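Here's the structure we're looking at; comments come further down.
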Amino acid sequence: MGDEEEKQQPRVLQMVRAEGSDKTCITFVLNNEDHTLGNSLRYMIMKNPEVEFCGYSITHPSESKINFRIQTRGGLPAIDAFQKGLEDLTGVCQHILNTFEHLKKHLVMDLLTPCPNYKNRVRWFS
């Protein structure tokens with residue numbers, strides 16, 4: 001039985017709702033995550049004006065587990081705010097990746113372009 005428990009991986013995302021609370025206040029448990037996702041996601045979720053509270057805590061330094069709490073106002077379900085935060089963060093990451101790829105492409109082209117002022121030298125910056 002010990003081998004079976006070791007093979008089972010915890011779910012990546014779990015939802016915990018306190019007894020008596022409604023859909024506007026939920027704690028999400030994110031397994032195998034740390035401050036990198038926690039702080040970035042908290043920032044994106046707090047940009048939503050309908051979010052009243054958003055915070056996270058790491059359960060223990062030796063565990064890769066985040067308790068992520070969201071409380072909304074105006075009837076917006078906390079899960080909707082969580083999903084929008086994930087989508088917004090994905091969009092920001094995609095923009096950063098696209099910008100990096102674009103600049104990398106142009107930097108390589110600039111490095112391979114001969115500099116007009118010096119023979120046999122390449123231009124380092126445009």
Quote the relative contact order of segment 1-107 in percent (integer), defining contacts as alpha-carbon pairs under 8 Å separated by 6+ residues. 25
Peptide ranges 28-34, 55-61 listed from the most packed, as the mean C-beta count within 10 angstrom indicates: 28-34, 55-61
Starting at the first residue of segment 43-55, write each ³J(HN,Hα) from the Karplus equation 6.51 cos²θ - 1.76 cosθ + 1.60 with θ = phi - 60°, in whole Hz, x for Gly and Pro. 4, 5, 5, 5, 6, 6, x, 8, 8, 8, 8, 8, x
Applying a 10 Å radius around every beta-carbon, put 92-102, 67-77 in order of their mean neighbour count, most first. 67-77, 92-102
Between HIS95 and GLN71, what is the label-to-label distance in nm when each label sits 7 Å out along the Cα-to-Cβ direction? 3.0
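None of the figures in this text is laboratory data; all of them are computed from the coordinates on show. Values in this document were obtained by computation on a predicted structure and should not be read as measured data. So basically every Cβ, Gly included, is an ideal-geometry build from the backbone, and we count neighbours across all protein chains shown.
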